[in-house]
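K.L.:
The following block contains the structure, expressed as structure tokens.
We did not get these values from a lab; they are worked out from the coordinates using the rules stated. No experiment lies behind these values; they were computed from the predicted model shown. Counting neighbours? That spans all protein chains shown, and the Cβs are built from the backbone with ideal geometry, glycine included.
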Amino acid sequence: MPTHNHIDLIEFPAADAETLKAARGFYEAAFDWSFTDYGEYLDTPDSGVVAGFNGIADAQQQKMPMAVLYVTDLEAARARVEASGGTIIHEIYGFPGGRRFHFADPAGNELAVWSEASPDV
């Protein structure tokens, strides 16, 4: 179970399906990592921390590796981020297993925050 307000995973961008496949092959060969394949997204517990590879090529995909924090109340976290001076980059959206949003901190670092999907979603 993830811990509230802690970094839960590191996510790496991949420009497209071909790049995602190449990244998977590289980490399997170089470091013996295994992956769970979600189509345009891969994750691995073999990296020492949970690591994901995002191959969803859209205009809002992050450009650099990104820390992803876990919270128990996504809407409250979004409100606190904005009230504390963060800039919302990508509004709350769903994905298999949960929901998340992206923000930039005052230093310009992009991070994401996720939580399980609420029962009414």
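K.L.:
Taking amide H atoms as placed 1.01 Å from N in the peptide plane, list the residues 5 or more away in sequence, or in a different chain, whose amide H sits under 5 Å from that of Trp33.
P.N.:
Residues meeting the amide H criterion: Glu28.
K.L.:
Taking the highest mean first, how do the peptides 11-20, 92-101 order by number of other beta carbon atoms within 10 angstrom per residue?
P.N.:
Top of the packing list down: 11-20, 92-101.
K.L.:
Further question: Checking the a/c ratio against 1.5 first, then a/b against b/c, what shape does the Cα gyration tensor give for region 7-49? Mind showing how you got there, number by number?
P.N.:
Values: a/c = 1.76, a/b = 1.18, b/c = 1.49.
It comes out oblate by the Cα gyration axes.
K.L.:
Let me ask you something else. Give the long-range amide H neighbours of Tyr41: residues separated by 5 or more places, or on another chain, with amide H under 5 Å away, using H modelled in the peptide plane at 1.01 Å from N.
P.N.:
Gly55
K.L.:
Quick one: which residues, 5 or more positions from Trp114 or on another chain, have an amide H under 5 Å from its amide H? H modelled 1.01 Å from N in the peptide plane, none for Pro or chain starts.
P.N.:
Leu69, Tyr70, Val71
K.L.:
If you find the alpha carbon centre of region 9-26 and of region 88-121, how far apart are they in angstrom?
P.N.:
Each part's Cα centre sits 20 Å from the other's.
K.L.:
Starting at the first residue of region 89-98, write each ³J(HN,Hα) from the Karplus equation 6.51 cos²θ - 1.76 cosθ + 1.60 with θ = phi - 60°, in whole Hz, x for Gly and Pro.
P.N.:
9, 9, 4, 4, 9, x, 8, x, x, x
K.L.:
From the phi of every residue in region 22-39, what ³J(HN,Hα) in whole Hz does the Karplus formula 6.51 cos²θ - 1.76 cosθ + 1.60 yield, where θ is phi - 60° and glycine or proline is x?
P.N.:
Values, residue by residue: 5, 4, 4, x, 4, 5, 5, 6, 7, 10, 6, 6, 9, 10, 9, 9, 10, x Hz.
K.L.:
Something else about it: Per residue of region 11-17, in order, report the coupling 6.51 cos²θ - 1.76 cosθ + 1.60 (Karplus, θ = phi - 60°) as ³J(HN,Hα) in whole Hz, putting x for Gly and Pro.
P.N.:
Once rounded to whole Hz, the list reads 10, 10, x, 9, 5, 6, 4.
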